[in-house]
Structure formats: structure tokens, C-alpha cells
There are 2 protein chains.
Amino acid sequence: MSPRKPSTKDLTKEMIVNEAHKQFITKDFQQISMRSIAKELGCSHGAIYYHFKNKAEIFYAILSDYFFELNNTLDENMNGPEDHDTKLLNVFVGFMAFGLNNQSQYELMFIMRDSEIDGLSQEAANLSYEKFAQSVRFLSTTELLISDIHSTFIALHGFVAHYRHYVKNYEEAKEAVDVHAKFLMKALTFRE
Amino acid sequence: MSPRKPSTKDLTKEMIVNEAHKQFITKDFQQISMRSIAKELGCSHGAIYYHFKNKAEIFYAILSDYFFELNNTLDENMNGPEDHDTKLLNVFVGFMAFGLNNQSQYELMFIMRDSEIDGLSQEAANLSYEKFAQSVRFLSTTELLISDIHSTFIALHGFVAHYRHYVKNYEEAKEAVDVHAKFLMKALTFRE
DNA sequence: CTCCTTATTGACCAGTGGTTAACAATAAGT
DNA sequence: ACTTATTGTTAACCACTGGTCAATAAGGAG
């Protein structure tokens, strides 16, 4: 009647997620197959479907960690000791750096809208945006329009979406990131 | 000794491209298969490989038309009768409208960096960007930094990449497009 | 030792892009 | 007309993909 003890479990959700995550560092969502995960885990790919309903569910479990990390980065940049302008710049740079250093993950978080991941991560994406918007509003020295904050976010997103094709990590685009961040600072500072 | 005359050709490159293009209006690259094209054309999918070396080659043939259309749109907006500021705004709006009205195509032109399409369309994408940059430089009332133009392009790209998830065409995002375009105008106009 | 639940396997499905031997169809040379 | 070279086309095949599911192994509870 009572459930079997989890003492001698061979395959756990954690193991699956870990393996998927491991492959996720170097490959993207589409390049990782249920079979490649199973093979590395030494089990059949069918076994994974006992623990996860589908491929998307595994990767959503991973993505939530990355959303957490992105939110954390935002917080850290906001609570630094610098003046507001510097911190605002750091928020911009931090967002772009995150995107460029976690390209496969960023793709799934904000760029892909493929099938089932959708409904799951969209909420988290909106939450991250809200956090971003609040940070920017708080750090700005002038009263900002919501639309300006939104445009700024879109411009940051555009940077990551564009540069991920040309660059492997933040380091390789450091200068361009800085220039873009300063451009957005200029745009936000403008008063007519 | 001489090649067979093309008089009684059943299957032509044009027919294949047309069918692929037809499906490309409502489906995206990944959803269209060699078999779905062949089925509609009443031939085997193997036959297509006689005319095109792979799937990417078919879609590149289609994309070149869309790059042409985008460049045309840029020209039209630039050669209008309005004043420079209005035309510059039209260039921004025109780019976003193109992206939102041709989402599957825009994805392949600027967002996807999937396998073989890459090398082929990257050149065309760079050319389109050059055209955009020249237009902006010409239309601007003040001397612009190259980096500012680049940031502007990236911001426009970000808008399309973001809104394509929420909107089916330009009409549905008209207001947001306008707001974003004006934000970028502000950013470019700013002098410190 | 019998249940009964959990976990796992491996065959299977329908689909993908791509390759290739075989073959049909047509043209030109003799 | 017969042969031959070339062009197109087919259909079987390959190695994959995500996903399903009956059979089955493994272990705890009574």
C-alpha cells in the first residue's frame, strides 16, 4: 500500500536534469536529444519519460535556475555601492553579459517560442522583465516613461539576439556591450 | 552529347521554390519538410534533391527575394517627399513593419543561425544593414556616430525579435512600433 | 509467499533530412 | 532505326528525432 522507498533509486529527476544541463552548456535545446541524455546516463530513453512528461519539462526545470540567476544578477547590480548612473549602466551591461554568457539558455528563455516551453517560461520571462523595469525606474535620476523602459529592454534583448551569432561570450563583445549600454543611457537621459 | 532540352520538364526549380514559398507564408522553416513540398508537388521528396542540394538552398532562394523587398522598402521610405525627420521615422517603422509582417522570413533572415542558411544569408543581411546605415546617416540632421546607428539597428531588431511572439502582424503592434521608433529618434537626436 | 507499486526496458510509431541504385525519358550521333 | 550519353525521377534505404506502451524486473508490505 505504501510507496516504495526512494532509497535504491537508480534514476532520479536530479540526475536527468544534471545530465541535460551538462549538455546544455555546449549544445542548444534542439541538439540535445532524449536519447543522448539516456545514453550518457546508461539507461533507455523511455525511462526518462517516467520522470518527465516530455523534453520541454526537463529544460524548463533548468531554465528556472537561469531565471533565478538573471534576477540575482539584477539585484546585485542594483544594490552595489556605486552611484545610480553607474548602477544603471551595470544593470544594462549585466543583462547583456548574462545573455552572451548563457546563449543556449537565453535562447530558450527569451528568443525561442517553440511549442511547450512557451507557457511555462513566459511567466518567468515576464517576471524578470518586471524586475528589470523596477530596477531601471528606481535607478533613473529622472522620471521615466514606461514605454522608455520597455524600449530599453527591447534594445538590450536585440543586442543579445544579434551578437550571439558573432560572439561566444561576453568577453568577446565587451566593448560593443559598453557602447550599447551608453547609447541607452543617453536615450533615457534625454529630456525634450 | 548535348544536354536534353528543357521543353518537357516536369519538375522545375521554380515549381519547388513556389511551393516552398507558399507554405512559408503560414509555416516556418522547421515546420516545412521536403516531404510536404514533394507531396503537394506530386513527386517524391528525393526528386527535389536533384534540383536543390538541400533544404537550406531552397529557402535561401526565397530569402533573397525578401532581402530585396526589405531593401526596396528602405529605398521607398528614404525617397519620399517628407522632411528628413519624418523619413527617418518611416525607415524605423518600415523595418519593424517588414519584420512583423514577414515573421517566418525575418526569423531566417536575421534570427536563426541554423546550419547552412548561415553563410548564404549572412552576406545579404550585412548588405541590408549597410543600406540601413547609409539611409540613417543621410537622413539624420546631425552627424551620427557609427556606433549609434548600429545600436539603433540592434534596437529595431530587438523589437521584431520580441514582438513576433505576441503579435501576428504590424497592424497589431502599430502603436508599440510608433513608440519605439520615437524612442530611437530621441536617442539619436540627443547631443551632450 | 503473495500482492502491489515503482521503475525500467525495448520494441514500436510517425516523422525528419539526406543518399543512392535503379530506372524512365529524351536527345543526339551514327 | 539503333545506340549511347545525359537528364530526371522513384523508392528503398540510412541514421536520426520525440513520444508511447506492453511487458517485466525489483523491491516493500501484509
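Since every read-out is calculated from the coordinates, none of them should be taken as a lab result. This one's a predicted model, so the numbers in the text were calculated from it and none came from an experiment. Here the Cβ is made from the backbone with ideal geometry for all residues, glycine too, and neighbour counts use every protein chain on show.
Overview of values
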{"read-out": "Set of lysines near B:Lys87 by C-alpha distance (under 16 Å), chain-local residues within fewer than 8 positions excluded", "value": "B:Lys131, B:Lys182, B:Lys186"}
{"read-out": "Distribution of pairwise C-alpha distances over region B:33-192, 5 Å bins, in %", "value": "1, 8, 17, 18, 18, 13, 9, 6, 4, 3, 2, 0, 0"}
{"read-out": "Exercise: per-residue mean of other protein chain Cβ atoms within 10 Å, A:160-166", "value": "5"}
{"read-out": "Other-copy label distances relative to A:Asn169, 7 angstrom Cα-Cβ extension, nm", "value": "4.6"}
{"read-out": "Directionally averaged projected area (convex hull, Cα atoms, the protein assembly as shown), nm²", "value": "27.2"}
{"read-out": "Computed label-point distance, nm, for sites A:Asp83 and B:Lys27 using a 7 Å Cα→Cβ extension", "value": "5.8"}
{"read-out": "Interatomic Cα distance distribution for region B:4-127, bins of 5 angstrom, percent", "value": "2, 10, 19, 19, 16, 12, 9, 6, 4, 2, 1, 0"}
{"read-out": "Using a Förster distance of 41 Å, the FRET efficiency for A:Tyr166-A:Ser44 (Cβ separation, nearest 0.05)", "value": "0.55"}
{"read-out": "Whichever lysines have a C-alpha closer than 27 Å to that of A:Lys13, once near sequence neighbours (fewer than 8 apart) are set aside", "value": "A:Lys5, A:Lys22, A:Lys27, A:Lys39, A:Lys53, A:Lys55"}
{"read-out": "Sum of side-chain charges, A:Ser64 neighbourhood, beta-carbon under 12 Å (Lys, Arg +1; Asp, Glu -1)", "value": "-4"}
{"read-out": "Peptide ranges B:175-181, B:104-110 listed from the most packed, as the mean C-beta count within 10 angstrom indicates", "value": "B:104-110, B:175-181"}
{"read-out": "Sequence-separation-based contact order of region B:56-189, relative, with Cα cut under 8 Å and 6+ spacing, percent", "value": "35"}
{"read-out": "Residue-averaged beta-carbon neighbours from other chains (10 angstrom radius) around B:146-156", "value": "6"}
{"read-out": "Label point distance in nm, B:Ile146-B:Thr189, each placed 7 Å from Cα along Cα→Cβ", "value": "2.7"}
{"read-out": "Under the Karplus curve 6.51 cos²θ - 1.76 cosθ + 1.60, θ = phi - 60°, whole-Hz ³J(HN,Hα) for region A:122-130, x wherever Gly or Pro sits", "value": "4, 4, 4, 5, 4, 4, 4, 4, 4"}
{"read-out": "Ranked by how many other beta carbons lie within 10 Å on average, peptides A:151-164, A:88-101, A:30-43 from highest", "value": "A:151-164, A:88-101, A:30-43"}
{"read-out": "Euclidean distance between Cα centres, region A:69-127 to region A:39-54, Å", "value": "30"}
{"read-out": "Global form of region A:99-166, assessed from the alpha-carbon gyration tensor, a/c cut-off 1.5", "value": "oblate"}
